[in-house]
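**Student:** Okay, here's the structure, questions in a sec.
The values are calculated or read from the model by the stated rules, or taken from the named source; none is laboratory data. The model shown is predicted, which means the values in this text are computed figures rather than measured ones. Positions of Cβ are backbone-derived with ideal geometry, glycine not excepted, and every protein chain shown enters the neighbour counts. Quick note on the areas: whole protein, heavy atoms, side chains included, nothing else; ligands and nucleic acids left out. Shrake-Rupley method; radii C 1.70, N 1.55, O 1.52, S 1.80 Å.
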Amino acid sequence: MALKPQVNIIAVVDVIGALSGSTLQNGNLCMVDNGDYSSTGQGTPELCTFVRSGQVIQWSALAVDLQTPVEIKGITFLGPDGAASPLSKQSANGENGDEGEKLDLEHWAGMVPPFLVPGVAYKYRLELQMYEGDNSVLHVDSPALLRV
């Protein structure tokens with residue numbers, strides 16, 4: 001059986017619940033993937049997607065209520081101490097270290113680099129933009145990629 005060249009990760013967001021509670025926890029975020037391996041944490045913000053070197057990962061964000069907007073603002077891989085890795089900052093415009101000005105990113109994709117150590121979970125920060133304003137960007141630091 002041939003392995004999929006791409007894994008899709010979908011973040012399903014209860015935008016109204018997330019904005020009302022100022023959190024993506026408490027059932028406001030459900031993450032799933034369609035990988036070839038048995039990823040852990042399916043349906044939770046703690047999704048750990050099992051991937052292989054060279055595989056393309058595509059993230060998408062969907063709102064439970066299709067009339068409420070949600071978009072990916074950025075994905076930042078975190079170091080072992082939980083701080084942002086200086087080489088991994090990705091913004092809505094897809095450029096390293098640059099903050100996007102126009103936040104209408106429906107999908108974000110990247111390739112699993114060969115230097116990831118197999119068996120190590122690499123956590124990342126998923127930032128989601130909902131509507132506009134001071135409190136419209138929320139993030140979680142709990143999802144991860146694990147190279148098999």
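**Student:** Would you please list the contacts, defined by Cβ atoms under 6 Å and residues six or more apart or on different chains, that run from a residue in the stretch 18-34 that is more than 15 Å from Asp141 (Cα to Cα) and open to solvent by less than 70 Å² (accessible area, probe 1.4 Å) to a residue that is part of a loop (DSSP other than H, G, I, E, B) and polar (S, T, N, Q)?
**Tutor:** What qualifies is Ala18/Asn28; Val32/Gln42; Asp33/Ser39.
**Student:** Further question on the same structure: Given the criteria surrounded by 15 or more Cβ atoms within 10 Å (Cβ to Cβ), at pLDDT below 95 and not β-branched (Val, Ile, Thr), does Gly82 qualify?
**Tutor:** Considered against the rule, which asks whether it is surrounded by 15 or more Cβ atoms within 10 Å (Cβ to Cβ), at pLDDT below 95 and not β-branched (Val, Ile, Thr), Gly82 comes out as no.
**Student:** Out of the stretch 122-147, which residues are within 21 Å of Ser22 (Cα to Cα), aromatic (Phe, Trp, Tyr) and at pLDDT 90 or above?
**Tutor:** Tyr124
**Student:** Can you tell me how many residues within the stretch 101-121 are part of a loop (DSSP other than H, G, I, E, B), at pLDDT below 90 and either open to solvent by 60 Å² or more (accessible area, probe 1.4 Å) or in contact with a Pro (Cβ under 7 Å, 6 or more places away or on another chain) (or both)?
**Tutor:** 4
**Student:** Cβ-Cβ below 7 Å, separation at least six or inter-chain, first residue in the stretch 56-68 and open to solvent by less than 70 Å² (accessible area, probe 1.4 Å), second of a type in the set (D, E, K, R) and part of a strand (DSSP E or B): which pairs?
**Tutor:** Ala61/Glu71
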